[in-house]
Amino acid sequence: MYPKNAWYVACAPGEIDEKPLGRTVCGERIVFFRGPDGKAAGLEDWCPHRGAPLSLGRVVEGKLVCGYHGLEMGCDGKTVAMPGQRVRGFPALASYPVIERYGFVWVWPGEAAKADPALLPKLAWAEDPAWTFGGGMFHVQCDYRLMIDNLMDLTHEKYVHATSIGQQELDEVPAYTTSEGDVVITRREMSGVKAPPFWQAAMRGNGLDPEQTVDRWQRCRFVPPSSVLIDVGVALAGQGGFDAPAAVKTSGIVVDLITPETETSIWYFWGLARNFRPEDKALTASIREAQGKVFTEDLEMLESQQRNLSAQPERKLLSLNTDLGGVQARRIVERLVAQEQGQAVAA
Amino acid sequence: MYPKNAWYVACAPGEIDEKPLGRTVCGERIVFFRGPDGKAAGLEDWCPHRGAPLSLGRVVEGKLVCGYHGLEMGCDGKTVAMPGQRVRGFPALASYPVIERYGFVWVWPGEAAKADPALLPKLAWAEDPAWTFGGGMFHVQCDYRLMIDNLMDLTHEKYVHATSIGQQELDEVPAYTTSEGDVVITRREMSGVKAPPFWQAAMRGNGLDPEQTVDRWQRCRFVPPSSVLIDVGVALAGQGGFDAPAAVKTSGIVVDLITPETETSIWYFWGLARNFRPEDKALTASIREAQGKVFTEDLEMLESQQRNLSAQPERKLLSLNTDLGGVQARRIVERLVAQEQGQAVAA
Amino acid sequence: MYPKNAWYVACAPGEIDEKPLGRTVCGERIVFFRGPDGKAAGLEDWCPHRGAPLSLGRVVEGKLVCGYHGLEMGCDGKTVAMPGQRVRGFPALASYPVIERYGFVWVWPGEAAKADPALLPKLAWAEDPAWTFGGGMFHVQCDYRLMIDNLMDLTHEKYVHATSIGQQELDEVPAYTTSEGDVVITRREMSGVKAPPFWQAAMRGNGLDPEQTVDRWQRCRFVPPSSVLIDVGVALAGQGGFDAPAAVKTSGIVVDLITPETETSIWYFWGLARNFRPEDKALTASIREAQGKVFTEDLEMLESQQRNLSAQPERKLLSLNTDLGGVQARRIVERLVAQEQGQAVAA
């Protein structure tokens, strides 16, 4: 249950620099590679000759060469050549719209004719030299909506991430959910608190005294179909929180770009964008490592939850006020899926 | 095909001392934990909030706290509290009757109203200070009835356990099967034989000369739904065998408590109860290790047999005189299951 | 989709010298063992007593003794004895015709009455003392027909085996396919080329200068249901190629005997028969190792291709001129299967 007419992150750019990459997105088995001039492309991962995966081949001068018998495939899904063969009548492969932007390779797994670059999520920080980004990718066995729920209700930090970003105030201070069009926003502000270990390290990295009392904020923004971008940060207490001057705060954006692989598995691209000491690569590496550890703590919970839900698919879940962000996000993707299917039926 | 209205061993007490335990019994996913005063409890392993397994949580002051968002669950399946929520309307979890006795935690996976402590098997040795017990648990991929067959026909010892408890006389001396109500008993007595290695070690541990000729006995008692308790021992030859004076014999009870996980997998709790040198912990440990090795020899056979039976489920097996104990045990559990289903239909 | 009325390689003789072997052939679970006088036999891998696999037992004086309760089985599928039992009424097991010849144990998994030793493929080299053979076995997760395709179209060597037996000329020189009855032959001759690494090593082993220009040939012979025997070799250029005198050539027969396990898995027996320095065991070992490495390169491709085909079973493949050997081989096995099923329906 996911919209297919949407942009999803297929991979990090480096994953296709050396060789093609086979990856399933929304149930579609796709090979990603770099065509002429290094432009990223996506095709069915199926050699029209004998059905071997083209992703086992290699790229030669912008053509994807099948690793079995040498068929040469172009970025448009048409066979360019094959040793000793006339290829004009070979059936074409489906070609998936692909865009490289914001430090990611994006794919549109649905109807190619509807792919519009304007529908990409806006990630302004990714094109602003005052910012930098570090992150990673996890392959997780759960419905992508369970990950959205997880990210739109950060009270779980107190329990799942007790030793890093969790703190008492997370479930004492209520969160408020609003929406702007199809963007859902859940806000929580904790005033006059002690920073938890992850944020203490970030304050230290940013030249602030980690023992000072702070105001801490979290603003989770769900952007359909499956991105959650979270403004997070701490400012010295009473200086305006989110709006405090840069000199007294440490902040960033937790980036969560979730790509369904199947109904119950995802490619989860995560990271942190920040605008303090962007040139400091050692800091980027240490934040990335710390964040990777924190996000790893979610995996067992999400995969176990998925196994429970799969065993009792009819059983109802509660939708509490803290779940409101996730619930609204689900309603939006359900509406998008229904629209998509309605259009498909009408067409 | 197992009775659900029955007591089964859920776990050893120590398995829930530090944290909750998720374990499937007769197809029911259950979380076991210690409530107030350390009393063992069993609930559906499902958080009513979002379906996460409660077994990933922790126990705080006798309440089971969900590891995801902190919902606090009581032993009765009712939500006690949740940060920032009114929980009165939360749906209750099914609660499974649990008793801790005889050194095990027992669960009744069927209709709670029918759970009667008087239906627990009687394990008198477990409450007699003259006795001690050592054992372990295996997770085995076979129908629990294959394990019962195994234990009610010990001629297999000669083939499967040739180097430990097997001996020539096992299939030369016939066994006799009788029943007392729903208890099935298969007896074999081997007179004037040499003790096999396991029993030689036990004789040595008990101060007897292991080279002496002995009378050896095995009395397998099947107690529904799935316990097999086996009086085993050797006495110096001609001294009365099972009834010989304590000074000239070494004996014990092989304890086999079998808990179906699914139709084709079990939690197998095994061990030896003995009344010689009960205070000798080193002896307990060495017997436990030796018995564990012997019982491990059965696993490949049982799991392979299960794979064969699953591949040809309609194929008939033979029921020979040596199989009589297992055959009668099956008839009893089949009758119990039929009764249970009949009652369920009538109700 | 495989003929069952045919001879397939069950195992190498050494696999049943020490103990019985359980192996599934064409969906039949079979135990292979050596009966009286060491003669190979094949029976259903199912003890008539309780369904345990007989392959977990041992062979005593030519009888297969069940490892569970000691039932003794004869080569004809009839129970010979069991401790304490009269076995005359025990149901017989299906017995599969088995022949040991050409250095392999062959089994006929279909109707025993139709098994005719004259239908074995003829492997003359295996009985000629001027020749020797070295090889191995792989368990591969693919339809046996994908392996036949692989072996009947050696243009893949250029891509899959680029560093060992691949060379540029493989897809520059066309191959020609003919048939003689049910034997399909695909020939390729490359004249005046440099030998690739595998053949350079073989030339060196045979006392030829590996830097010399050579004529290279490949003659793939498909013999139903699933053998591919490939005459391969190099001769110093211009000396007659395949027909050149022995002193100026190095040649052999690539032996591929493919046994379906299931519809999508095989036991693949491969090797090289050669008539140069047949007494040189070190050379046999080094060729075997090199060939094993080369053939390992095919496995990922074949298993990935199978996963792709299983995911889209209706999707059509191309049949190009280079595929002709495989295509004709498929037509023959399809006809054999249809005949077999027609006869089964008529009977």
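The values are calculated or read from the model by the stated rules, or taken from the named source; none is laboratory data. As the structure is a computational prediction, the values presented were derived from the model and not from experiment. FYI the Cβ positions are ideal-geometry reconstructions off the backbone, even for glycines, and counts take in every protein chain you see.
Which one is surrounded by the fewest Cβ atoms within 10 Å (Cβ to Cβ), of the residues in region B:188-212 that are more than 14 Å from every other protein chain (Cβ to nearest Cβ) and touching an Asp or Glu at 6+ places or on another chain (Cβ under 6 Å)?
Keep residues of region B:188-212 that are more than 14 Å from every other protein chain (Cβ to nearest Cβ), which gives B:189, B:191-212.
If we keep only those that are touching an Asp or Glu at 6+ places or on another chain (Cβ under 6 Å) too, we end up with B:191, B:193.
On the way: B:191: 14, B:193: 19.
Here the residue is B:191.
What are the pairs, 6+ residues apart or on separate chains, where a residue within region A:301-313 that is in the same structural domain as residue A:160 (by TED's automatic domain parsing) and within 12 Å of residue B:48 (Cα to Cα) has its Cβ under 7 Å from a residue that is in a helix (DSSP H, G or I) and of a type in the set (A, V, I, L, M, F, W, C)?
Taking only residues 6 or more apart or on different chains, the pairs are A:305/A:146.
Could you list, in sequence order, the residues of region C:51-62 that are within 11 Å of chain B (Cβ to nearest Cβ) and on the phi > 0 side of the Ramachandran plot?
The one that is within 11 Å of chain B (Cβ to nearest Cβ) and on the phi > 0 side of the Ramachandran plot: C:51.
Yes/no matrix, rows are residues, columns are (1) within 29 Å of residue B:178 (Cβ to Cβ); (2) not in a helix (DSSP H, G or I):
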residue	(1), (2)
B:261	no, yes
B:273	yes, yes
B:278	no, yes
B:296	no, no
B:308	no, no
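Give B:300, B:340, B:314, B:334 a once-over and let me know the one that is away from chain C (no Cβ under 14 Å) and loosely packed, with under 15 Cβ neighbours inside 10 Å. I'd like the intermediate steps shown before the answer.
Numbers: B:300 fails: away from chain C (no Cβ under 14 Å); B:340 fails: loosely packed, with under 15 Cβ neighbours inside 10 Å; B:314 fails: away from chain C (no Cβ under 14 Å).
Exactly one residue qualifies, and that residue is B:334.
So, in region A:207-252, how many residues would count as being part of a loop (DSSP other than H, G, I, E, B), in contact (Cβ under 8 Å) with a residue 40 or more places away in the chain and among the small types (Gly, Ala, Ser)? It would help to see each step written out before you state the result.
First, pick out the residues of region A:207-252 that are part of a loop (DSSP other than H, G, I, E, B): A:207-212, A:224-226, A:237-240, A:244-245.
Right, trim to in contact (Cβ under 8 Å) with a residue 40 or more places away in the chain and you get A:208, A:224-226, A:237-238.
Applying the additional criterion that residues be among the small types (Gly, Ala, Ser) yields A:226, A:237-238.
Count: 3.
When you scan region B:199-216, do you find a residue that is at pLDDT below 85 and of a type in the set (Ser, Thr, Tyr), even just one?
Within region B:199-216 (the criterion being at pLDDT below 85 and of a type in the set (Ser, Thr, Tyr)), the answer is no, since none of the residues qualifies.
Which condition does residue C:328 not pass, out of (1) loosely packed, with under 14 Cβ neighbours inside 10 Å; (2) away from chain A (no Cβ under 12 Å); (3) within 26 Å of residue A:88 (Cα to Cα), if it passes all the others?
With (1) loosely packed, with under 14 Cβ neighbours inside 10 Å; (2) away from chain A (no Cβ under 12 Å); (3) within 26 Å of residue A:88 (Cα to Cα) applied to residue C:328, the lone miss is (1).
So in region B:159-184, with the set limited to residues that are touching a residue at least 40 places away in the same chain (Cβ under 8 Å) and farther than 19 Å from residue C:69 by Cβ, which one is nearest to the other protein chains (Cβ to nearest Cβ)?
B:179
Taking the condition of being part of a loop (DSSP other than H, G, I, E, B), at the interface with another protein chain (Cβ under 8 Å from one of its Cβ atoms) and not acidic (Asp, Glu), how many residues in region B:22-50 meet it? Please lay out each step first, then the result.
To start, the set of residues in region B:22-50 that are part of a loop (DSSP other than H, G, I, E, B) comprises B:26-27, B:35, B:39, B:45-50.
Narrowing further to those that are at the interface with another protein chain (Cβ under 8 Å from one of its Cβ atoms): B:45-46, B:48-50.
Narrowing the set further to residues that are not acidic (Asp, Glu) leaves B:46, B:48-50.
So the count comes out to 4.
For region B:282-297, how many residues meet the condition of being surrounded by 14 or more Cβ atoms within 10 Å (Cβ to Cβ) and within 27 Å of residue B:7 (Cβ to Cβ)? Can you show your working first?
Going residue by residue through region B:282-297, those that are surrounded by 14 or more Cβ atoms within 10 Å (Cβ to Cβ) are B:283-284, B:286-288, B:290-292, B:294-295, B:297.
If we keep only those that are within 27 Å of residue B:7 (Cβ to Cβ) as well, we get B:284, B:287-288, B:291-292, B:294-295.
Adding up the residues that qualify gives 7.
Report, by residue number, each residue of region B:6-42 that is touching a residue at least 60 places away in the same chain (Cβ under 8 Å) and over 16 Å from the mean Cα position of the chain (by Cα).
Initial filter on region B:6-42 (touching a residue at least 60 places away in the same chain (Cβ under 8 Å)): B:6-13, B:15-16, B:23-28, B:30, B:32, B:39-40, B:42.
Across region B:6-42, the qualifying residues are B:16, B:27, B:28, B:30, B:32, B:39, B:40, B:42.
For residues in region C:107-135 being of a type in the set (A, V, I, L, M, F, W, C) and in a helix (DSSP H, G or I), which is surrounded by the most Cβ atoms within 10 Å (Cβ to Cβ)? Spell out how you get there, then give the answer.
Here is the first cut: in region C:107-135, the ones of a type in the set (A, V, I, L, M, F, W, C) are C:107-108, C:112-113, C:115, C:118-120, C:123-126, C:130-131, C:133.
Narrowing further to those that are in a helix (DSSP H, G or I): C:112-113, C:118-119, C:124-126.
Working: C:112: 12, C:113: 8, C:118: 5, C:119: 13, C:124: 10, C:125: 20, C:126: 16.
Among residues in region C:107-135 that are of a type in the set (A, V, I, L, M, F, W, C) and in a helix (DSSP H, G or I), the one surrounded by the most Cβ atoms within 10 Å (Cβ to Cβ) is C:125.
With the requirement that a residue be buried (at least 20 other Cβ atoms within 10 Å of the Cβ), assigned to a strand (DSSP E or B) and not aliphatic (A, V, I, L, M), what does region C:170-187 give you?
The answer is C:177, C:186.
Every residue in region A:81-100 that is assigned to a strand (DSSP E or B) and charged (D, E, K, R), please. Break it down stepwise before answering.
Kept after step one, since they are assigned to a strand (DSSP E or B), are these residues of region A:81-100: A:81-82, A:85, A:95-96, A:98-100.
Matches in region A:81-100: A:100 only.
More than 29 Å from residue C:161 (Cβ to Cβ), within 14 Å of chain C (Cβ to nearest Cβ) and touching a Gly at 6+ places or on another chain (Cβ under 9 Å): is that true of residue A:6 in this structure?
On the way: more than 29 Å from residue C:161 (Cβ to Cβ): yes; within 14 Å of chain C (Cβ to nearest Cβ): no; touching a Gly at 6+ places or on another chain (Cβ under 9 Å): yes.
Taking the combined requirement at face value, the residue does not satisfy it.
Considering only residues that are surrounded by fewer than 17 Cβ atoms within 10 Å (Cβ to Cβ) and under 30 Å from the mean Cα position of the chain (by Cα), look in region A:63-98 and name the one that is nearest to the other protein chains (Cβ to nearest Cβ).
In this case the residue turns out to be A:94.
Tell me the residue from C:295, C:242, C:276, C:269 that is of a type in the set (Phe, Trp, Tyr) and touching a Leu at 6+ places or on another chain (Cβ under 8 Å), please. If you could, list the steps in order and put the result at the bottom.
Numbers: C:295 fails: touching a Leu at 6+ places or on another chain (Cβ under 8 Å); C:242 fails: touching a Leu at 6+ places or on another chain (Cβ under 8 Å); C:276 fails: touching a Leu at 6+ places or on another chain (Cβ under 8 Å).
Criteria check complete, one pass: C:269.
Go through C:214, C:248, C:223 for me and flag whichever is under 20 Å from residue C:127 (Cα atoms) and either within 23 Å of the chain's Cα centre (by Cα) or not hydroxyl-bearing (Ser, Thr, Tyr) (or both). Write out each step before concluding.
Numbers: C:214 fails: under 20 Å from residue C:127 (Cα atoms); C:248 fails: under 20 Å from residue C:127 (Cα atoms).
Step by step, each of C:214, C:248, C:223 is checked, and only C:223 is under 20 Å from residue C:127 (Cα atoms) and either within 23 Å of the chain's Cα centre (by Cα) or not hydroxyl-bearing (Ser, Thr, Tyr) (or both).
In region B:217-238, is there at least one residue being among the aliphatic types (A, V, I, L, M), surrounded by 17 or more Cβ atoms within 10 Å (Cβ to Cβ), more than 24 Å from residue B:279 (Cβ to Cβ) and out of contact with any Ser or Thr (no Cβ under 8 Å at 6 or more places or on another chain)?
Yes, because at least one residue in region B:217-238 is among the aliphatic types (A, V, I, L, M), surrounded by 17 or more Cβ atoms within 10 Å (Cβ to Cβ), more than 24 Å from residue B:279 (Cβ to Cβ) and out of contact with any Ser or Thr (no Cβ under 8 Å at 6 or more places or on another chain).
Need pairs with beta-carbon distance below 6 Å; first residue within 14 Å of residue C:230 (Cβ to Cβ) and within region C:188-205, second modelled with pLDDT of 90 or more and surrounded by fewer than 17 Cβ atoms within 10 Å (Cβ to Cβ); sequence gap 6+ or separate chains.
none
Find all pairs meeting these conditions: Cβ atoms under 8 angstrom apart; at least six residues apart or on different chains; first residue within region A:60-86 and among the hydroxyl-bearing types (Ser, Thr, Tyr); second residue part of a strand (DSSP E or B).
A:79/A:72; A:79/A:73
From the list A:132, A:155, which residue is in the same structural domain as residue A:310 (by TED's automatic domain parsing), more than 26 Å from residue A:193 (Cβ to Cβ) and polar (S, T, N, Q)?
Values: A:155 fails: more than 26 Å from residue A:193 (Cβ to Cβ).
Of A:132, A:155, the one residue that is in the same structural domain as residue A:310 (by TED's automatic domain parsing), more than 26 Å from residue A:193 (Cβ to Cβ) and polar (S, T, N, Q) is A:132.
Test residue C:161 against the criterion of being buried (at least 21 other Cβ atoms within 10 Å of the Cβ), modelled with pLDDT of 85 or more, farther than 27 Å from residue C:278 by Cβ and in the same structural domain as residue C:244 (by TED's automatic domain parsing), and give yes or no. Steps first, answer last, please.
Details: buried (at least 21 other Cβ atoms within 10 Å of the Cβ): yes; modelled with pLDDT of 85 or more: yes; farther than 27 Å from residue C:278 by Cβ: no; in the same structural domain as residue C:244 (by TED's automatic domain parsing): yes.
In short, no.
Taking residue B:139 and the conditions (1) assigned to a helix (DSSP H, G or I); (2) within 17 Å of the chain's Cα centre (by Cα), which numbered condition does it fall short on, given that it satisfies the others?
Just one mismatch for residue B:139, condition (1).
Residue A:288 - would you say it is touching a residue at least 12 places away in the same chain (Cβ under 8 Å) and within 24 Å of residue A:139 (Cα to Cα)? Steps first, please.
Values: touching a residue at least 12 places away in the same chain (Cβ under 8 Å): yes; within 24 Å of residue A:139 (Cα to Cα): yes.
In short, yes.
For residue C:45, which of the numbered conditions (1) free of Cβ contacts under 8 Å to residues at least 60 places away in the same chain; (2) out of contact with any Lys or Arg (no Cβ under 6 Å at 6 or more places or on another chain) fails to hold?
Looking at each condition in turn, residue C:45 falls short on (2).
If a residue has to be of a type in the set (D, E, K, R) and assigned to a helix (DSSP H, G or I) to count, how many in region C:194-206 make the cut?
Initial filter on region C:194-206 (of a type in the set (D, E, K, R)): C:194, C:204.
Still in the list and also assigned to a helix (DSSP H, G or I): C:204.
Within region C:194-206, residues that are of a type in the set (D, E, K, R) and assigned to a helix (DSSP H, G or I) number 1.
Taking residue B:124, is it away from chain A (no Cβ under 14 Å) and under 12 Å from residue B:273 (Cβ atoms)? Even if it seems obvious, please write down each step before you answer.
On the way: away from chain A (no Cβ under 14 Å): yes; under 12 Å from residue B:273 (Cβ atoms): yes.
Considered against the rule, which asks whether it is away from chain A (no Cβ under 14 Å) and under 12 Å from residue B:273 (Cβ atoms), residue B:124 comes out as yes.
Taking the conditions exactly as written (in contact (Cβ under 8 Å) with a residue 40 or more places away in the chain and closer than 20 Å to residue A:255 by Cβ), does residue A:124 satisfy them or not? Give the derivation first.
Working: in contact (Cβ under 8 Å) with a residue 40 or more places away in the chain: no; closer than 20 Å to residue A:255 by Cβ: yes.
Answer is no for this residue.
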